[in-house]
Amino acid sequence: NSNRAAISHLHRQLYGRLYPVLLVNSDGSTVRLRYHEPRRILMLPLDSSTLPEAERKARLRRHFPSKPKAKEEETFEGIDLDTYKKFWKK
């Protein structure tokens, strides 16, 4: 009945509206489809079991990068201070 919806809210779990969404496959191809949630892009997960061993390790290295190495401090022993004398204030 149409009067039932006018008195209170609609009594249903899913609404009939579908939203245009761009689906990105694991190989990079894209497909436009209609989805029940308003999203711009949906990405399918990549199956790591189908990848070669070298590419799988490279992906893991990018996902979990190593800790940055400590930099060595610069020393001023090899610098001739007379060349910078003109920049000092008197």
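Read-outs: derived from the displayed coordinates by stated rules, not from any lab. All of these numbers come straight from a predicted model, not from anything done at the bench. Virtual Cβ from ideal backbone geometry, glycine too; neighbours counted across all protein chains shown.
Measure off 7 Å from each Cα along the Cα-to-Cβ vector at Asp80 and Arg17, then give the distance between these two points in nanometres to one decimal.
7.6 nm
Starting from the amide H of Tyr35, placed 1.01 Å from N in the peptide plane, find each other amide H under 5 Å away whose residue is 5 or more places distant or on another chain.
Tyr19, Val21
If you take every DSSP beta bridge fully contained in region 13-65, what fraction is antiparallel? Give it as a percent rounded to 5.
Around 65 percent antiparallel, to the nearest 5.
Using a simple spin-label model with points 7 Å from Cα along the Cα→Cβ vector, what separation in nm is obtained for Arg56 and Leu33?
For Arg56 paired with Leu33, the spin-label model returns 2.7 nm.
Quick one: 3J(HN,Hα) in Hz for region 67-73, Karplus 6.51/-1.76/1.60 with θ = phi - 60°, rounded, Gly and Pro as x.
In residue order, the calculated couplings are 6, x, 7, 6, 7, 7, 7 Hz.
How are the C-alpha pair distances of region 13-65 spread across 5 Å bins, as whole percents from the shortest bin up?
4, 17, 18, 16, 14, 11, 10, 6, 4, 0
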